[in-house]
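Worksheet: one structure, shown below.
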Amino acid sequence: MAALAAFAFLSPAAISADLSQAVVRQKVNVVTVAASINASAQPVSQGAVVRDENVVRTGTESRAELEFGDLTLARLGANSIFTFDAEARAMNCMQGAALFSKPTNSGRVEVRAGAITAAITGSTGFVSNQPSATAKKARGASSREERTAMMGMLEGKLRGSAVWRDNNGKERTFRFALGAGEMIVAQPGRAPVVVQFDIPRFLSTSPLITGFSGTLPNMNQINRTVAEYQADERRGFIQRTNVMVSSQPVQVAWLNSSSVNRNSFDASVDQLGHSGSRPGGEEAGFVDVGGTGVIRGQLVWNTSADLDLHLILPDNQEVFFANQRVTFNNGRATAELDVDNLGDDINVPPSMRVENIVVNGVPLNGLYTFFVNNFSASNGSDQFTLRISGNGTTQTLTGTLSQGQNSQT
């Protein structure tokens, strides 16, 4: 069974975030609060204070906005259940949909929504945690309700992991990285996937945005991501595949992906090209240098040698230090060496050197061939590690190269 677990907001400039209480800044229709999950609920009024470990519920066609002491906002959609824990500095979307907007320079907060653990610094995102309409039970799984969970980013970045169970009931961990316009979907009995969604449409149609007055703390950053999205759309890097996949009330937007069980959605999002369930960040072996892309290759070594990362595209164009950025697939995709290293620069102390190539947009089908060349070295040989991610998998190649030698591909 897939479970979504935590949504963590980090800020290195702050000591801690105060989640001892929140003020109900906005409410529409039925909003209640209870001392605990099993305690009796009482109606809550606008301006009321909600305490640590209280349970906030919204009814049908209802919503609420909570503001914490560091100005972090939590907006709750209809039929949602939400709690927060001051000691753990954690928020929990137990059911429904919620949007979280965390200003920069505020402390660490976790947001839990049933399978994803992630970390954000001053960013804006959303989660959805809904019962699955058609859940395929894993062998040996318990009979408890199975749920579909999603988490997406409107601006900023995060890394995290999602826990799920395969058809044999074995628990597995999926590690991922998300940027603006990307969303992870975790469903019972299948590996989580990362998809792309339409940021402008989310902002214009989601009740988590349109159902509230006032602006979000990071609206300037959101506006920048919208401008970047629209620029990519004009250049043909984004394909629209708008397909309605749910007859239920819209909490988030719409989604389309061949890797997703559409019958499981009570909240959904538009996907504009499937980016693959690619693990990202240090958890999957990649270091936090360079972009992630739809396809990514990263070379890491620890000597002063000048090693070079090369990529040969399906149309036989080559990306390397002398040809660092190319456009292909009729202008709909780019491949770029976004981090170049001559061996002199240390990207990650004490000694790690990195080169990184990313493919973005709508790539051609075909073979993407990565290899490493030892361009110049004072040593007899130099060790390297090459990692490639794409199509939901990560490949790793390690070896030793002498000067002038190429690695395997």
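The values are calculated or read from the model by the stated rules, or taken from the named source; none is laboratory data. Keep in mind that what you see is a predicted model, and the values were worked out from it rather than measured. Here the Cβ is made from the backbone with ideal geometry for all residues, glycine too, and neighbour counts use every protein chain on show.
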If we ask which residues in the stretch 322-373 are at pLDDT below 90 and either charged (D, E, K, R) or in contact with a Cys (Cβ under 8 Å, 6 or more places away or on another chain) (or both), their number turns out to be 3
If a residue has to be within 8 Å of the chain's Cα centre (by Cα) and not in a loop (DSSP other than H, G, I, E, B) to count, how many in the stretch 171-199 make the cut? 7
Thr225 is checked against (1) modelled with pLDDT under 85; (2) not in a loop (DSSP other than H, G, I, E, B) and fails just one. What number does that condition carry? (1)
In the stretch 48-98, anything basic (Lys, Arg) and within 23 Å of the chain's Cα centre (by Cα) is listed as Arg75, Arg89
Being modelled with pLDDT of 50 or more, at negative phi and outside the structural domain of Val339 (by TED's automatic domain parsing): is that true of Val260 here? yes
Tally of residues being within 25 Å of the chain's Cα centre (by Cα) and either β-branched (Val, Ile, Thr) or over 16 Å from Thr292 (Cβ atoms) (or both) across the stretch 351-384: 7
Residues of the stretch 105-121 satisfying the condition of being at pLDDT below 75 and either surrounded by fewer than 19 Cβ atoms within 10 Å (Cβ to Cβ) or under 14 Å from the mean Cα position of the chain (by Cα) (or both): Asn105, Ala119, Ile120, Thr121
Residue check for Gly366: in a loop (DSSP other than H, G, I, E, B), touching a residue at least 12 places away in the same chain (Cβ under 8 Å) and surrounded by 15 or more Cβ atoms within 10 Å (Cβ to Cβ): no
Within the stretch 59-109, which strands (runs of 3 or more DSSP E) (wholly inside it) include 2 or more residues that are closer than 18 Å to Val30 by Cβ and touching a helix residue (DSSP H, G or I) at 6+ places or on another chain (Cβ under 7 Å)? none
